[in-house]
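Here the structure comes first, spelled out in structure tokens, and everything after it is commentary.
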Amino acid sequence: MKNSEDLENILKYNFRNKELLHKALTHSSVNPHADHNYERLEFLGDRVLGVSIASLLYRLFPHEPEGNLSQRFTGLVCKETVAQVGRMLNLGKFMFVANEDIRKNENVLCDVCEAVIGAIYIDAGVEEAINFVNNHWRELIDRNVAPPKDSKTRLQEIAHVKNLEQPVYRLKKRSGSEHEPIFEIVVNLGDKYEVVGFGRNKKAAEFDAASKMLEQIL
């Protein structure tokens, strides 16, 4: 694979099976078959990332209650953070795409980063995958000593300060496949404000909706 050594130096991991890395970097615009692009590896990597971050937080913050750990967890596995790590690793440069604009797409960067985690898991097992997450997420944890407030909590607080009605969330639609569902959640602040959020599960869609609502009312 072209430039694989350069990327492996950045990742701080050398693949035994280079084809796994190639697949993790291949967008469906190049090859629509799931066995030959990053989609299946992204599905796996998303779950491995979750376990890795949960384990890391459990060890790093032995005295924090579950609520604080959950807030930290949400901030570290959200699309924006995973895409940020993807940019730090310069994954966009090494991707195989049919359209150059795809390299800058935040959703794609997030998916490719998770696919790389999945590829490492298949290549060497769970310990190496967890080590990779520890290496590249630890700085983000150290940078934020206090647990971040998630968007739903912030929206609830801002609504109270602005004397608005409290947010109400409802599921509008579920689409996509069984393995890659897309949830569409509507959040209302009374009759005055309504915003739609999207995510791969209900919780992610609610956070997305809350973030968009915050942009609207702040």
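Please go through region 19-34 and give me each residue that is over 14 Å from GLU8 (Cα atoms), surrounded by 20 or more Cβ atoms within 10 Å (Cβ to Cβ) and not polar (S, T, N, Q), ordered by number.
Once the filter is applied, which keeps residues that are over 14 Å from GLU8 (Cα atoms), surrounded by 20 or more Cβ atoms within 10 Å (Cβ to Cβ) and not polar (S, T, N, Q), region 19-34 yields LYS23, HIS27.
So is ARG154 farther than 25 Å from LYS212 by Cβ and among the charged types (D, E, K, R) or not?
In short, no.
If I ask for residues that are surrounded by 16 or more Cβ atoms within 10 Å (Cβ to Cβ), among the β-branched types (Val, Ile, Thr) and either more than 17 Å from ARG72 (Cβ to Cβ) or free of Cβ contacts under 8 Å to residues at least 24 places away in the same chain (or both), which ones from region 97-150 would you list?
Once the filter is applied, which keeps residues that are surrounded by 16 or more Cβ atoms within 10 Å (Cβ to Cβ), among the β-branched types (Val, Ile, Thr) and either more than 17 Å from ARG72 (Cβ to Cβ) or free of Cβ contacts under 8 Å to residues at least 24 places away in the same chain (or both), region 97-150 yields VAL97, ILE102, VAL108, VAL112, VAL116, ILE117, ILE120, ILE122.
I'd like the full set of residues that are assigned to a strand (DSSP E or B) and touching a residue at least 40 places away in the same chain (Cβ under 8 Å), limited to region 169-218. Full working, then the answer.
Within region 169-218, the first condition is being assigned to a strand (DSSP E or B), and the residues that meet it are 169-176, 181-189, 193-199.
Residue satisfying the conditions is TYR169 alone.
Which members of region 155-176 meet the condition of being under 22 Å from the mean Cα position of the chain (by Cα) and either surrounded by 14 or more Cβ atoms within 10 Å (Cβ to Cβ) or among the aromatic types (Phe, Trp, Tyr) (or both)?
Within region 155-176, the first condition is being under 22 Å from the mean Cα position of the chain (by Cα), and the residues that meet it are 155, 169, 171, 173-176.
Hits for region 155-176 are LEU155, TYR169.
If a residue must be out of contact with any Phe, Trp or Tyr (no Cβ under 9 Å at 6 or more places or on another chain) and surrounded by 15 or more Cβ atoms within 10 Å (Cβ to Cβ), how many such residues does region 177-195 contain?
Going through region 177-195 one residue at a time, the tally reaches 3.
Quick one: how many residues across region 76-89 are within 12 Å of VAL116 (Cβ to Cβ) and outside any helix (DSSP H, G or I)?
Within region 76-89, residues that are within 12 Å of VAL116 (Cβ to Cβ) and outside any helix (DSSP H, G or I) number 1.
Could you check ASP208 against (1) under 25 Å from LEU57 (Cβ atoms); (2) among the acidic types (Asp, Glu); (3) touching a helix residue (DSSP H, G or I) at 6+ places or on another chain (Cβ under 7 Å); (4) not assigned by TED's automatic domain parsing to the domain that holds LEU49 and say which number it fails?
(3)
Out of region 14-56, which residues are in a loop (DSSP other than H, G, I, E, B), of a type in the set (Ser, Thr, Tyr) and within 13 Å of CYS113 (Cβ to Cβ)?
If the condition is that a residue be in a loop (DSSP other than H, G, I, E, B), of a type in the set (Ser, Thr, Tyr) and within 13 Å of CYS113 (Cβ to Cβ), then TYR38 is the only one that fits.
The values are calculated or read from the model by the stated rules, or taken from the named source; none is laboratory data. Since this is a predicted model, take the numbers as computed values, not measurements. With ideal geometry, Cβ positions are generated from the backbone for all residues, glycine too; neighbour counts draw on all protein chains shown.
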